[in-house]
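Notes follow the structure.
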Amino acid sequence: MSKRFSTLDTTRLLFEHPKILFRMIERMDRNEARYIRESDLVTEVMDYTGNLGKADRDRVRLAMNTDNLFRSGLIIDIIKADGERRLVFQDALINLMRACNASLYQELTDARLRGHLVTLRDVRNRLEISSFSEADPDYTELRDDLNERVSQLIGLLRQNVLRMQTISAQLADLSGDASRAPEKYLEFRHNLFEQIVTLYDRHIKPTLVFLNPDTRLPDGSNLFETLEAMVRLLETNDNHSLADQIFRSSLSLNALYKPIQAVAQEVEHFLRKTRRGMAQYNAMEHFYGKLRALKDDTETLSLRRKWLEGGEFARSTGFLVGLRAQQRPKHYAFGQSSSYYQLLFSELDLRLSDLRRKAEVPVLQEVDGSGRHSRIDVQRINQLYQWLETLELRPTADLVRELHGRLDGFIPGYRFPDLLAALNRLVNSPPEGMQVVTTNRFRTLEQAPDSEQFVYRKRRLEPGVTDIKQEPSHA
């Protein structure tokens, strides 16, 4: 008696070495067949196991033996035709392998979509003459059939959306020769156009029409009209739970329209690309695929593989070399604390107060360079002091910059000497309840248009500490 594996062990080995079936499913889809030729399977297994150790090689070859696959139930039929043996695998196994690889998802054709729609119409017609009684086995079977078909349709369409969202890689494969054969670019573009138009007309456009609630079909109701009719029937017969479930399913189907529409726009945009644009597109898609492979390595059962191991990628491409030596871009974002917003609103109130008091701003006499007149200078400083007496200030970590922002562009003829005068005034006569604290940190201000710079010592304006002397009590 020959050695054989159980169904569980065979399935486990298939998923430990999934590339074998992945390649066979790709070949099956390419040939538009529902079977796998035994000779192709044997050749693929021998090529794959050639690099394995002896123990693993023997186990995989035994598990993928036709007799073992048939006895374990993973092959449901063996067809002998044209002098060859054709193996028909379990649909559940093929569908599960497709679910593990998005590139193996099958695009829905117009014929398959219309088949699902005809089936739902038949369910609706049977529902119209149903008893809607839980005691009626015909109704309960019809209800279960409805749930299964709607769930199956949603699953197929979601897989189709995921498959279409990987169309970037497929377009890159189709246009792979664009940058390598410039002299044949026109011929290449013609062939590429035919292939993409076939993809668009046979798969993308039928799905868009199927999921469009405004579609009018000559042979009857569209998908959403059929679902709405079933919802009304169920609500009329007081089956609100199933009606709500079908209604939510219709919402899920309606939400799938936009991502497929985005894919259609991407295909149309790709067809308008030039040769240079295609080469750039392929380069980006090539390196994106490498990063995706690094990310896939983190999605294993090992809890230690949490980060991308991109050192080799960075060194080979040169994209990221020297990136750590660059400063991270600074961004401005609103804070989350209440004190942040209080500070912001306080600043706005002060600026609005300055604008309201603009009529009270002194018109300072212009002073040119070093040829100043003492009388004019004294008068200018006195006017500035009078205005400072009415200026509202709040605690700040940089009093000099705060004063500069309040004076620059607001006081006519403002200069840095005016800032020094105002700062000297506040240091010697701080606002009531405030105190000026001088630090040993230096900052720089720059004033346009002459780009004059002013280096100053940073000063803080803080609430003052008042000493309250307690008078002795008289007994």
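Residues in region 131-165 that are loosely packed, with under 15 Cβ neighbours inside 10 Å and either assigned to a loop (DSSP other than H, G, I, E, B) or in contact with a Lys or Arg (Cβ under 8 Å, 6 or more places away or on another chain) (or both): 5 in all. Taking region 4-57 only, how many residues are surrounded by 14 or more Cβ atoms within 10 Å (Cβ to Cβ) and either in contact with a Pro (Cβ under 9 Å, 6 or more places away or on another chain) or basic (Lys, Arg) (or both)? Adding up the residues that qualify gives 5. On the basis of being of a type outside the set (Asp, Glu), in the same structural domain as Leu420 (by the TED database) and at pLDDT below 75, does Gly369 make the cut? So Gly369 passes the test.
Yes or no, residue by residue, for (1) loosely packed, with under 11 Cβ neighbours inside 10 Å; (2) part of a helix (DSSP H, G or I); (3) at pLDDT 75 or above; (4) of a type in the set (Ser, Thr, Tyr):
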{"residue": "Phe247", "(1), (2), (3), (4)": "no, yes, yes, no"}
{"residue": "Gly277", "(1), (2), (3), (4)": "no, yes, no, no"}
{"residue": "Tyr288", "(1), (2), (3), (4)": "no, yes, yes, yes"}
{"residue": "Leu294", "(1), (2), (3), (4)": "no, yes, yes, no"}
{"residue": "Asp297", "(1), (2), (3), (4)": "no, yes, yes, no"}
{"residue": "Glu309", "(1), (2), (3), (4)": "yes, no, yes, no"}
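Among the residues of region 211-244, the ones that are closer than 18 Å to Arg126 by Cβ and under 29 Å from the mean Cα position of the chain (by Cα) come to 0 in all. The one condition from (1) surrounded by 17 or more Cβ atoms within 10 Å (Cβ to Cβ); (2) small (Gly, Ala, Ser); (3) more than 41 Å from the chain's Cα centre (by Cα) that Ala63 does not meet is (3). Number of residues in region 455-475 that are modelled with pLDDT of 80 or more and surrounded by 11 or more Cβ atoms within 10 Å (Cβ to Cβ) equals 7.
Apart from one condition, Ile75 fits all of (1) open to solvent by 30 Å² or more (accessible area, probe 1.4 Å); (2) not assigned by the TED database to the domain that holds Phe224; the exception is (1).
The values are calculated or read from the model by the stated rules, or taken from the named source; none is laboratory data. Here the structure is a predicted model, which means the values were calculated and not measured. All Cβ positions, glycine included, derive from the backbone under ideal geometry; neighbour counts span all protein chains shown. Note: accessible area is taken over every heavy atom of the protein model, side chains too, but ligands, DNA and RNA are not part of it. Shrake-Rupley method; radii C 1.70, N 1.55, O 1.52, S 1.80 Å.
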